[in-house]
Number of protein chains: 2
Amino acid sequence: MRLSLIASLVAALSMPALAAGSALADAALRDQAKGLFEPLPQTPPALPGETATPEKLALGKMLFFEPRLSDTRDMSCAACHNLSMGGVDGGALSGGHNAQLAGREVQTVLNAVFNKSQYWDGRNTDLKDQVVNSVMANPKAMLKTRGGPMAINPVEHAAAKQRTIEQLKTIPGYVDAFSKAFPDQPDPLNYENIGRAIALFEATLITPDAPFDRWLKGDDAALTDDQKAGARLFMEKGCAGCHNGVNIGGASFAKFGVVAPPPADYLPADDWGRFAVTKNIADKYAFKVPSLRNVELTAPYFHTGATFDLKHAVTVMGETQLGQKLTDDEATKIVAFLKSLTGKQPEVVLPILPPRTR
Amino acid sequence: MRLSLIASLVAALSMPALAAGSALADAALRDQAKGLFEPLPQTPPALPGETATPEKLALGKMLFFEPRLSDTRDMSCAACHNLSMGGVDGGALSGGHNAQLAGREVQTVLNAVFNKSQYWDGRNTDLKDQVVNSVMANPKAMLKTRGGPMAINPVEHAAAKQRTIEQLKTIPGYVDAFSKAFPDQPDPLNYENIGRAIALFEATLITPDAPFDRWLKGDDAALTDDQKAGARLFMEKGCAGCHNGVNIGGASFAKFGVVAPPPADYLPADDWGRFAVTKNIADKYAFKVPSLRNVELTAPYFHTGATFDLKHAVTVMGETQLGQKLTDDEATKIVAFLKSLTGKQPEVVLPILPPRTR
């Protein structure tokens, strides 16, 4: 009896959470959110200067899954950008977790088309350039080099390009697929077109209809009360200062450790991030603010893949970027909100790749 | 004028080829073929003692694509059994082509359910046992060991099993998926069920409707004249003595080099093949007769992956197994026939794998 009375009192004291669930509170929160975020479009955006024909998309998908694009014939785009796992590799091939492959953590290909720049240091603004940069290099060598393909010896790089094109030309299925995708070109099997086709395919890899998107569009029931409380905290604590827009990030750069330094293994001293691109000392240790869409699926977190624990990552961000010591309850609610950013994953039918023939 | 007369004469002299294309000739050839081969069924066969529920198949597909089944978290079944490439790895991860990974060539998972045994040495008769054997071992270690998981230290093996089960148990999506797939079991997340679910999924990976199957069923137009000539040669030269039945192979073992020894790199002296299983000296250098279905897609060939050239592989087989010195024309026609064994590849929608959560 006594216990149930206490339980009732506790329930009554939780009124702010109930109030947060009311239609009025939703409308106010939504107004605030609409000033910072926008729902993901239902259909893929067009790429500048490109027409996405079925033939180009089919070719792009084949190439995305093609291990023969790598010198070792065992690494496709899909190996690191696993479309079964949120477009990342779960930390297995990248990051600091594998002694062989000390690079930066893979960033998701999902919704990458909505990012203002590509790579952790934003070295490319364009998806196609990112594709070309990543494919051109031997991905295994790339992963061994901190920061990726930029660091690759340009002579090696050109030779690897040449070998890949020569190999694809021995596969009649590819000769045919490039001709169909680029029918107006006399010699379409080249690196430029590999980049164009893969980028067009990647632009289809979007994840609309996340609960947060449905809520933004007016469906009060799409978020739980905890998720709404988390959305409010996300805005009020300042997270949305960087993680905003259609991709809830992906549009700017920020120094990791604005207010307080992160642990040493979260920010290795020898990776200067954005500085490598701009040579501006103000960009030392700045990295792209990643999109938080599907963040539930894209562990491990940070450019170093330093943690698999999303709540811990949120807490670290609060301390290093905002000078906020989040309570456990606050971090839990923000994580609940972040999980509302998981959208409908693209349904991808595996392509059938052409055999090589003599 | 003169040239066109010669062309007409040449055409007239090609009558045997034309005759081979007649309905009468087709009927006779088909009768002969029906005594040796049978068309692949349109639907997956049942596995003994198993019921393929949608929940089991969904779980099996997830596990087939799950890199977290490996200790290094980067190798799934699909990494070696690439369903975009005929269910094999194109020689990139296995065989003798990669100095790091000296094992045997990957065998295709497509139609494996129709093989009477699994692995090149036939150590398992059952698909489920093959799955369990392959998954249990750390696949990377397995690939480094000639002959596969049998050679793995059993203590290591058991520890790896334990780690995998413990890891899967931390992923709520898997706890849920195993419960749904095996609703009558109190603790369904175990290795036995991993094997059952993956085997059930693998049994769906069949490739019906190959041109040869359509021809066997009565469609004269399904094969070209060269393919029909190749089918006749395949039977008359003796190839079909071993490569027969529904899988055109996969049902027996044969010493590699019955009549004449193959080149040393095709048959390394230290891999005794079937002998490792039976300890019968008659099985020294015997290997499973592989299925030739989809052989066009499954280069490189032989247990060593010694060649990518199908015509060369046919020629070598003729010499070593049959004592037949095939002419270039005969080998070309047999290859044309072999390409008629490429069936409709399974349409596989990538599964979405559950994230780990704390």
Nearest-0.05 FRET efficiency for B:T51 and B:S22 at R0 = 51 Å, using Cβ-Cβ distance, is 0.60
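Just the C-alpha atoms of segment B:263-358: what Rg/Rh do they give, with Rh taken as the Kirkwood radius?
Working: Rg = 18.4 Å, Rh = 16.2 Å.
Here the Rg-to-Rh quotient is 1.14.
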How long is segment A:39-89 along each principal axis, judged by its Cα atoms, biggest number first, in Å?
36, 26, 16
Please list, in chain and number order, the residues 5+ apart from A:G305 or on another chain whose amide H is under 5 Å from its amide H, with Hs placed from the backbone.
A:E105
Find how many whole Å separate the alpha carbon centroid of segment B:247-321 from the alpha carbon centroid of segment A:192-238.
53 Å
Shape call, segment B:194-346: gyration tensor on alpha carbons, a/c limit 1.5:
oblate
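What per residue convex hull volume, in Å³, comes out for segment A:241-305 when only alpha-carbon positions are used?
Details: hull volume 6.3 nm³, N = 65.
That works out to 97 Å³ per residue.
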Going through A:K56/A:K128; B:K56/B:K128; B:K128/B:K284; A:K255/A:K288 one by one, the pairs whose alpha carbons sit over 18 Å apart turn out to be B:K128/B:K284
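For segment B:198-258, what number results from the quotient of the Cα radius of gyration and 2.2 N^0.38 Å?
Values: Rg = 14.4 Å, N = 61, 2.2 N^0.38 = 10.5 Å.
Ratio of Rg to 2.2 N^0.38 Å for segment B:198-258: 1.37.
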How far is the Cα center of segment A:23-46 from the Cα center of segment B:335-356, in Å?
40 Å
Under 17 Å Cα-Cα from B:K325, which lysines qualify once same-chain neighbours fewer than 8 residues away are excluded?
B:K237, B:K311, B:K333
Taking a point 7 Å out from Cα toward Cβ as the label site, list the nm distances between B:T327 and the same residue in every other copy, smallest first.
9.0
In whole Hz, with x marking every Gly and Pro, tabulate ³J(HN,Hα) for segment A:290-298 from phi via Karplus 6.51 cos²θ - 1.76 cosθ + 1.60, θ = phi - 60°.
x, 4, 9, 4, 6, 4, 4, 9, 10
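When a/c is below 1.5 the answer is rounded, else prolate if a/b is larger than b/c, else oblate, so apply that to segment A:306-352 with a ≥ b ≥ c taken from the square roots of the Cα gyration tensor eigenvalues. Could the numbers behind the result be given before it?
Numbers: a/c = 3.76, a/b = 2.46, b/c = 1.53.
Note, shape of segment A:306-352 comes out prolate.
For B:K325 and B:K169, what is the calculated FRET efficiency with R₀ set at 51 Å and r taken between the beta-carbons, to the nearest 0.05? Could the numbers behind the result be given before it?
Working: r = 59 Å, r/R0 = 1.16.
So, using R0 = 51 Å, E works out to roughly 0.30.
Placing unit charges on C-beta atoms (Lys and Arg positive, Asp and Glu negative, everything else neutral), compute the dipole magnitude of segment A:222-335 about its Cα centre in debye, rounded to 20.
With only Lys, Arg, Asp and Glu charged at Cβ, the dipole is about 440 debye.
For segment B:19-60, take the alpha-carbon Rg, divide it by the Kirkwood Rh, and send me Rg/Rh. Mind showing how you got there, number by number?
Numbers: Rg = 18.7 Å, Rh = 13.8 Å.
Dividing the radius of gyration by the Kirkwood radius yields 1.35.
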Rounded to whole angstrom, how close does the nearest chain A beta-carbon get to the axis mapping A onto B, and which residue is it?
A:V349, 3
Which distance in nm do the two modelled labels at B:Q42 and B:D129 give, with both placed 7 Å along the Cα-to-Cβ direction?
3.4 nm
Considering only B:C242, B:Q227, B:A181, whose Cα is most displaced toward the positive end of the charge dipole of segment B:154-292, charges sitting on Cβ of Lys, Arg (+1) and Asp, Glu (-1)?
B:C242
May I have the extent of the alpha carbons of segment B:153-222 along their three principal axes, as whole Å values ordered from largest to smallest?
56, 33, 18
Please work out the FRET efficiency for the pair B:N280 and B:Q162, using the Cβ-Cβ distance as r and a Förster radius of 30 Å; give the result to the nearest 0.05.
0.30
Inter-copy label distances at B:G241 (7 Å, Cα→Cβ; nm, one decimal):
8.2
Run through the other copies and list how far each one's label point is from that of B:N280, in nm with one decimal, shortest first; the point sits 7 Å from Cα along Cα-Cβ.
7.6
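Since every read-out is calculated from the coordinates, none of them should be taken as a lab result. On a predicted model such as this, the values are computed, not experimentally measured, just so you know. Cβ sites come from the backbone with ideal geometry, for glycine too, and all protein chains shown count toward neighbours.
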